[in-house]
Amino acid sequence: MEKQKTAIITGITGQDGGYLAKFLLEKGYKVIGLVRRGATDTFVKLKEHGIFDKIEFVDFDLLEFTNICRIIKKYRPDEFYNLAAQSFVGVSFEEPIYTTEADGMGVVYILEAIREFSPHTRYYQASTSEMFGKVQEMPQTEKTPFYPRSPYGVAKLMAHWMTTNYRESFGLYTCSGILFNHESPMRGKEFVTRKITSHFAELYVGKTDKPVELGNLNSKRDWGFAGDYVKMMWLMLQQDHGDTYVIATNETHSIREFVEEVAKVCGWDIEWKGEGVDEIGVDKKTGKVLVKINPKFYRPAEVDILIGNPEKAKKVLGWKRDVDYNALCKMMMERDIERAQNGNL
Ligand code: NDP
Ligand code: GDP
């Protein structure tokens, strides 16, 4: 019988962490979840996935090098998935120093600990399409020049190059997954997709009367399903050598289109009226205002469009998605309605 593999996941309490942990447990891995201490229950998603009691949890913070060294030394895992990050672009403009330390330096701490204490460990870095920012080419590939537009994008770019550099300098097996936006019913409510579906669910069940307040409706994103994307993280670590891969759908939709699509699931037909900050989204049938603009949600610098070409991942990893854009919209909207109806949104 093959020896059971051990995987460490940072950011296990986040959206991707839950899906990845579930996937690895199903594959027979021993999963060690690194978590930072919080005053409230951060395990909600893992409980909803039904895997909370199958994971060994260890205290961890991206900023504490001694703690990272002790963990790597103790477990010397086969695989290390670094999903932890201050992952919200909007906040990174307000907390640029913390974001740089956690998302940039935090990665150097982990790589150093692996280099020193467990060089056989295969490392996955959660890189992001935000590194392309003001896009230099359409669609974006592994070869597209980077032009990040937020402290988040800049910090992640540093981490991406460190990941590449430790592979080239020290022969470590490291991978950088340049994942485009991926969503799910487990997405944090501060991100635009889930902000919309959770608010619409409250409107749908009559828990609120207020429209959802949004910023820029015209930016476009290449949205996939998180459950599909975590499988690619694992596949990246099962090759002959580490590498960089774009994971995307090669399809892009505006925030406005996302609003319209999930509204349909609620039985609403959105009509847009007015312009700029005065624009509103109204249900044609009832005249009810469902969306309004709040400039508070505009960003100091915007990423207007993202669309990724995943050809390399298709060829090398056999990348394909099970959930397309329309199915994703439906899944997210229906789950939030169900949660709202059960009082656990
Ligand atoms: P989430 O925001 O849902 O999860 C982030 C996780 O990081 C949480 O578990 C959080 O813990 C943890 N974390 C944050 N700061 C620290 C810290 N200082 N020390 C330890 N843990 C910390 O992110 P996602 O699951 O959506 O994304 C996973 C990764 O992939 C992130 O690195 C993100 O930047 C990246 N990414 C995501 C994309 C997406 O579309 N989802 C696209 C491309 C990249 P806590 O629960 O305590 O807050
Ligand atoms: P990001 O691509 O990682 O920044 O993911 P987000 O879901 O946070 O944002 C996606 C896009 O939606 C960005 O272009 C935002 O400017 C836009 N957007 C418009 N209104 C909002 C809002 O109210 N909240 C968020 N988070 N984004 C918004």
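What to note about this one:
- Whole-number D in µm²/s for the stretch 158-305 (Stokes-Einstein; Kirkwood sum over Cα pairs; 37 °C, 0.692 mPa s): 186 µm²/s
- Cα-Cα over 27 Å, subset of 143/220; 5/330; 73/315: 5/330; 73/315
- Those trypsin sites (Lys or Arg not before Pro) in the stretch 267-309 that DSSP places in a loop and that have at most 16 other beta carbons within 10 Å: 284, 285, 288
- Prolate/oblate/rounded call for the stretch 252-311, Cα gyration tensor, a/c under 1.5 rounded: oblate
- Size descriptors for the stretch 299-343: radius of gyration and Dmax over Cα atoms are 16.4, 44 Å.
- A crude spin-label estimate for the pair residue 286 and residue 208, with each label 7 Å from Cα along the Cβ direction, gives 1.5 nm.
- The chain, relative contact order in percent, only Cα pairs under 8 angstrom and at least six apart counted: 17 percent
- Remark: the stretch 306-314, residue by residue, has Karplus-estimated 3J(HN,Hα) of 10, 8, x, 9, x, 3, 4, 5, 5 Hz, where x stands for each Gly or Pro and the curve is 6.51 cos²θ - 1.76 cosθ + 1.60 at θ = phi - 60°.
- Charge dipole (debye, nearest 20) of the stretch 1-130; +1 at Cβ of Lys and Arg, -1 at Cβ of Asp and Glu: 660 debye
- Relative contact order, percent, the stretch 216-330 [alpha-carbon distance under 8 Å, six or more residues apart]: 38 percent
- Longest DSSP-loop-exposure-free segment, GluC sites (Glu not before Pro), the chain, at most 10 other Cβ within 10 Å: 3-274
- Largest accessible area first, the listed residues 322, 53, 269 line up as 53, 322, 269 when surface is computed with a 1.4 Å probe on the assembled protein chains.
- Accessible surface area normalised per residue over the chain is 45 Å², counting heavy atoms of protein chains with a 1.4 Å rolling probe.
- Considering only 341, 7, 28, and ranking their Cα positions along the charge dipole of the chain that arises from unit charges at the beta-carbon of Lys, Arg, Asp and Glu, the one farthest toward the positive end is 28.
- Taking Cα centre as origin and charging only the Cβ of basic (Lys, Arg, +1) and acidic (Asp, Glu, -1) residues, the dipole magnitude of the chain rounds to 600 debye.
- Note on the stretch 19-160: Cα-only Rg and Dmax are 16.3, 45 Å.
- Area of residue 5 that stays accessible when all protein chains are in place (1.4 Å probe, Å², to 10): 70 Å²
- Shape of the stretch 232-332, Cα gyration tensor, a/c cut at 1.5: prolate
- Hydrodynamic estimate: the Kirkwood radius of the chain over Cα pairs, inserted into Stokes-Einstein at 20 °C and 1.002 mPa s, corresponds to D of 103 µm²/s.
- Residues whose amide H comes within less than 5 Å of that of residue 244, counting only those at least five positions distant or on another chain, are 176 (H built at 1.01 Å from N in the peptide plane).
The values are calculated or read from the model by the stated rules, or taken from the named source; none is laboratory data. It should be emphasised that the depicted structure is a prediction, and the values quoted were computed from it without experimental measurement. With ideal geometry, Cβ positions are generated from the backbone for all residues, glycine too; neighbour counts draw on all protein chains shown. Please note that ligands, DNA and RNA were not included when accessible areas were found on the heavy atoms of the full protein model with its side chains. Shrake-Rupley method; radii C 1.70, N 1.55, O 1.52, S 1.80 Å.
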